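Following: one structure in structure tokens, then a few remarks.
Values quoted throughout were computed directly from the atomic coordinates according to the rules given, and no laboratory measurement underlies them. Just so you know, these numbers come straight off a predicted model, no measurement behind them. Cβ: placed from backbone, ideal geometry, glycine included. Neighbour counts: every protein chain shown.
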Amino acid sequence: MKNLRLKAARAAKDLSQDELAKLCNVSRQTISAIEKGDYNPTINLCLSICYALDKTLDELFWTDPV
Amino acid sequence: MNGMFGTIIVLAALIGLIIGIVIVKSISTDGRFAQYDEMQQRARGVAYKYGFYTMTGCLALVIVLDLFDIRLPMEQNLIYMLIFLCGLTVQACTSIWKDAYVGLNTKMSRFLPAMVIIALFNLFVGISAIARGGMISEGLLQTPFINLSLAVIFVILAIVGGLKMLVNKREEED
């Protein structure tokens, strides 16, 4: 499932995938894979992304149970 | 004679290993071995799995051929080296395709020339062996064939890398 909230939050901060990747110390492809829903990050990486984008885990990663 | 040849091969492998370590360290931005993020580490795990399956499959094939008394037209040690290289090639191609071949701290401006130099060096050694007539002896491919194989592998890796770059470029929305 695509993570459009992450993409929107990144765009709101005017960051490219590469810039966010550098802030989180991962590769650009990893950020791309998370946004596309191809990779489920660990909680540590989720937190790094949240810190970089000034968002909470809920705001970026929480999904309601189906 | 065989012991002497074995010593030369082991020495060559050791020198190659040392040169390899120097190259690997020199192409990184911080002098360390390549560092990978969590997605890359996971992808590399999958790549190693495929590499292992490939090696196992090739080895099984050689054993089956041997059972039927079918001999490959190459030296015994070359067969094992090629099996090893097949596994490594699959591992490398899978890593490239999953964006997990180049580390976070790899300096691309040094990485690509290093790959080209290594490929050309192996091609040169392979062609020299052909020119000397040392590639085939008594109808069997000899150890220098490994250098030609390495050159071919680098070409394969370059093609896979190029294709992956094209795919990434298409997907890139930034």
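For the stretch B:13-49, the residues whose backbone nitrogen is under 19 Å from a point 7 Å from the Cα of A:Asp38, taken along Cα to Cβ, are B:36-49. Treating each Cα of the stretch B:1-111 as an identical point scatterer and summing with the Debye formula, the log10 of I(q)/I(0) at q = 0.16, 0.17, 0.21, 0.23 Å⁻¹ comes to -0.92, -0.98, -1.15, -1.20.
If you place +1 on the Cβ of every Lys and Arg and -1 on the Cβ of every Asp and Glu, how big does the dipole about the Cα centre of the protein assembly as shown come out, in debye to the nearest 20? Kindly include the intermediate steps, with their values, before the conclusion.
On the way: 22 positive and 21 negative charges, 67 e Å.
Charge dipole, the protein assembly as shown, about its Cα centre: 320 debye, nearest 20.
With respect to the cross-link table entries A:Lys13/B:Lys164; A:Lys2/B:Lys25; A:Lys22/B:Lys98; A:Lys7/B:Lys25; B:Lys107/B:Lys164; B:Lys25/B:Lys49, which display a Cα-Cα separation exceeding 27 Å? Exceeds cut-off: A:Lys13/B:Lys164; A:Lys2/B:Lys25; A:Lys7/B:Lys25.
Database remark: amide H of B:Leu141 closer than 5 angstrom to the amide H of B:Met74, B:Glu75 (H placed geometrically; neighbours at sequence offset of 5 or more, or on other chains; Pro and chain starts carry no H).
Taking the empirical scaling 2.2 N^0.38 Å for compact globular proteins as reference, the protein assembly as shown has a Cα radius of gyration ratio of 1.28. For the stretch B:36-169, the calculated P(r) over all alpha carbon pairs, in 5 Å bins from 0 to the bin holding the longest distance, is 2, 10, 14, 18, 18, 15, 11, 7, 4, 1, 0 percent.
Shown here are the Rg and Dmax of the Cα trace of the stretch A:4-55, at 9.5, 24 Å. Positive-end ranking of B:Phe145, A:Thr30, B:Gln35 along the dipole of the protein assembly as shown, with charges on Cβ about the Cα centre, is headed by B:Phe145. Which of the aspartates and glutamates could a cross-linker span from A:Lys36 if the Cα-Cα distance has to be under 14 Å and same-chain partners fewer than 8 positions apart are dropped? Answer for A:Lys36, where 14 Å is the Cα cut-off: B:Glu171, B:Glu172, B:Glu173, B:Asp174, listed by chain and number. Per residue, the average separation of C-alpha pairs within less than 8 Å and at least 6 apart gives chain B a relative contact order of 26 percent.
Placing +1 on the Cβ of every Lys and Arg and -1 on the Cβ of every Asp and Glu, with no other charges, gives the stretch B:20-174 a dipole of roughly 280 debye about its Cα centre.
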